[in-house]
Amino acid sequence: QVTGYLDDCTCDVETIDAFNNYKLFPRLNELLESDYFRYYKVNLQKPCPFWDDNSHCGMRDCAVQPCPSDEVPDGIRSASYKYSEEANNLAEECEEAKRLGAVDDSLSKETRQAVLQWAQHDDSSDSFCEADDIHSPEAEYVDLLLNPERYTGYKGPDAWKIWNSIYEENCFKPQNVKRPLASGRGESFIYLTKWVSRVCVEKRAFYRLISGLHASINIHLSARYLLQDTWSEKKWGPNITEFQQRFDEVLTRGEGPRRLKNLYFLYLIELRALSKVLPFFERPGFQLYTGNKSQDAEMKHLLLEILHLAKSFPLHFDENSFFAGNKKEAAKLKEEFRLHFKNISKIMDCVGCFKCRLWGKLQTQGLGTALKILFSENLIEKIPESGPSYGFQLTRQEIVALFNAFGR
């Protein structure tokens, strides 16, 4: 049980729990089940820009279809003794991932038409994330309710390589600190934690946001784990052992509770962004457009209720402590912050399982949108009540990602 105050904040865990569980989450959940928020357009076919990902084709493509033989590494295709056992294991994992991770993108004819109309409301400007080209023929709408975030069988060195890259390359880490690729789930980031305690608030916040995102994803994998898989039924539910391996204080050498506190920190940052973006959504001209007039009006009312609730939270994170020093240094740091985060959004195209990639892309875009809001406060304050909101704009993609990421 995590309790008490969070570092760099005036807020404590108990205040957040009470506010979220009793006031905010029930309303947010209702919003996320609506048509506007359940369909997310994503290109799951983009190649990994950082390394050749043929090595884990067994996981990358098998979530939806078997690997074409020309994409399977030569070593596995060859019948040589050296690779045969590895090849068999890969084939089994491939089948498992295909069964557990297939993305269901079935849409009704009516929804397809609504989706085409939404495209006209989308705009492609984005600052903290590498946005998918949603007009690409490979981009498709996915129903998030049909594709819940849960354990898919994606694990091992490939999954670790993703997180390793995120922590190694994107956390303003000093070059002389190296960490070997972690192979087990219980490894702690002790050296990183010691380093984090010594750096400025911005760099510390960046690390804590990434750690909080990592914690969130691991909690969902533990909470919706495949507990039973027989021909008659699949049973998903909480896997306590899996959760303990990632978060138990003793098993993680003191690291688990910190990871959970970083999740609360991530929650506070995204909550703060929601409280700041109210003027954008309050304008009479803004619509959550799906084509169903009464439902659209109802959902906008619910959305505004959630944003007002976010604004009423008594102990918000004070983002004014960010980039508050020397102006030149602050501008440089802010740009670094933005580029590091953009890099992380690109790494999501290297995730080997389609369902994990879907939720990874959605949550990084959601957090990127929250950061964009926090860094655009002056522009948001100047938004006119009617007419276009020059200077600050959110696309439908960003809106869907922002609220779904916060929902996670």
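Computed from backbone phi, the HN-Hα couplings of the range 228-241 come to 8, 9, 10, 5, 8, 7, 10, 10, 10, x, x, 10, 5, 4 Hz, rounded to whole numbers (Karplus: 6.51 cos²θ - 1.76 cosθ + 1.60, θ = phi - 60°; Gly and Pro given as x). Using R0 = 30 Å, the C-beta based FRET efficiency linking Asn378 and Ser136 works out to 0.35. Shape of the range 271-310 from the C-alpha gyration tensor: prolate (a/c of 1.5 or more and a/b above b/c, with a ≥ b ≥ c the square roots of its eigenvalues).
Amide H contacts under 5 Å for Cys48: Asp53, restricted to partners 5 or more places along the chain or on a different chain, H placed in the peptide plane at 1.01 Å from N. Pairwise Cα distances in the range 270-408 exceed 21 Å for 50 percent of all pairs.
Remark: the Lys327-Asn29 segment gains 103.2 nm on full extension, using 0.36 nm per residue and subtracting the alpha carbon distance. Restriction of the trypsin sites (Lys or Arg not before Pro) in the range 241-303 to DSSP coil positions whose beta-carbon has at most 13 other beta-carbons within 10 angstrom yields Arg253. Each residue of the range 305-313 is assigned a 3J(HN,Hα), and the resulting list reads 4, 5, 5, 5, 4, 4, 5, 7, 4 Hz, derived from the Karplus form 6.51 cos²θ - 1.76 cosθ + 1.60 (θ = phi - 60°), x at Gly and Pro. Which of the three applies to the range 267-346, rounded, prolate or oblate, going by the alpha-carbon gyration tensor with a ≥ b ≥ c and a/c under 1.5 meaning rounded? Since a/c reaches 1.5 and a/b is larger than b/c, the shape of the range 267-346 is classed as prolate. A crude spin-label estimate for the pair Val201 and Leu227, with each label 7 Å from Cα along the Cβ direction, gives 4.4 nm. The GluC sites (Glu not before Pro) of the range 344-386 that DSSP puts in a loop, and whose beta carbon has at most 11 other beta carbons within 10 Å, are Glu385.
A short reminder: the numbers here are calculations on the coordinates, not readings from a lab. Keep in mind it's a predicted model, so treat the numbers as computed, not measured. We place every Cβ from the backbone using ideal geometry, glycine too, and count neighbours over all the protein chains shown.
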